[in-house]
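See below for the structure under consideration.
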Amino acid sequence: MITRETVERYLHRLRLPHPGAPGPDALRRLHRAHVEHVPYENLEIQLGRPTSIDPEESIDRILRGRGGYCYHLNGAFSALLDALGYQVSWHLAGVHTPPAEQPPGADGNHLALTVLCEGERLLVDVALGDGLYEPLPLREGSYHQARLDYRMAPSEAVPGGWRLQHDPRGSFLGMDFSLEPAAPADFAAQHERLSTAADSPFVRAAVVQRRHADGFEMLRGLVLIRLDEAGRQVRELGSAEEWFDVLDSRFGLALDDVGPAERAGLWDRVQAVHRAWQQAQAQAQAAKEPAAG
């Protein structure tokens with residue numbers, strides 16, 4: 001269990017007072033604050049800095065003003081909830097992207113959490129980027145949260161498990177998860193693959209996401225996407241100054257621990273990936289167009 005001082009610092013990072021006794025309202029406040037103030041991001045991988053999935057190390061990085069991806073964010077949040085008196089469990093899960101990339105199932109490419117609160121088990125997940133804004137009950141049905149729609153249903157791919165179906169406007173299709181308890185060691189191999197493999201989406205491109213009460217923001221490479229009451233807006237960033245300013249002003253990532261040389265290398269990498277993506281898009285478009293004559 002983390003110390004009282006760490007709990008206080010974590011709550012300060014979330015801009016929350018102590019939530020008091022465990023309960024559904026307090027849990028919702030904690031969840032909302034986490035997805036609003038602690039971004040989903042893979043910049044340590046892009047910088048070539050290896051990380052562990054130890055919750056205390058993840059908390060330390062969050063307290064320094066950074067974020068992380070699922071093993072970091074949900075791992076850290078589970079430790080905070082445990083210290084606040086909640087009954088938290090880790091579960092093997094799998095985020096489902098289009099069929100060519102990741103099929104349905106719970107292969108451990110994602111860490112999901114459940115919390116037993118006042119007799120009801122809830123899916124708690126602050127690490128889906130543009131996913132949940134608040135916890136969802138493990139009850140079949142449709143749910144609306146902060147401009148996005150979800151569906152919860154028994155999983156067809158994981159016996160005894162559940163599936164969260166994401167809003168079609170989101171960055172993934174859905175997430176299957178088992179209800180069997182899991183431990184950090186169960187995610188070690190997938191963390192290694194996602195951190196280092198050439199075909200890993202975290203290695204291929206820089207991604208930063210943040211949920212908010214009116215939708216979400218996502219920076220993928222040089223493309224900034226925002227969904228709010230005005231609809232979906234897409235903008236391409238054109239300079240290093242603009243890119244780093246967006247990280248700071250939109251996602252709270254000042255990157256104070258990243259020196260000039262590392263910043264230049266990160267920018268070069270992001271630019272190169274973006275140019276390769278543009279070329280692939282142009283080739284795909286050319287292949288669809290009928291030959292002249």
Here, Arg64 and His18, labelled 7 Å along Cα→Cβ, have an inter-label distance in nm of 2.9 nm
At q = 0.11, 0.17, 0.25 Å⁻¹, the log10 of I(q)/I(0) for segment 1-91 from a Debye sum over equal Cα scatterers comes to -0.28, -0.67, -1.43
Between the alpha carbon centres of segment 102-157 and segment 246-287 the gap in Å comes to 30 Å
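Defining a contact as two alpha carbons under 8 Å apart and six or more residues distant in sequence, what relative contact order in percent does the chain show?
Numbers: 540 pairs, mean separation 49.2, N = 293.
Here the relative contact order equals 17 percent.
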In degrees rounded to 10, the 0-90 angle between helix 4-13 Cα long axis and the longest Cα principal axis of the chain is 40 degrees
Measuring from the longest principal axis of the C-alpha atoms of the chain, the long axis of helix 70-83 (C-alpha) lies at a number of degrees, nearest 10, equal to 20 degrees
In deg cm²/dmol, rounded to the nearest 500, the helical mean residue ellipticity at 222 nm of the chain, built from -39500 (n - 2.57) for every DSSP H run of length 4 or more, is -11000 deg cm²/dmol
One finds, for Asp149 and Ala261 with R0 = 35 angstrom and r their Cβ-Cβ distance, a FRET efficiency to the nearest 0.05 of 0.20
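Readers should treat all values here as calculations from the given coordinates under stated rules, not as data from a laboratory. Quick caveat, the model's predicted, so the values are computed rather than measured. FYI the Cβ positions are ideal-geometry reconstructions off the backbone, even for glycines, and counts take in every protein chain you see.
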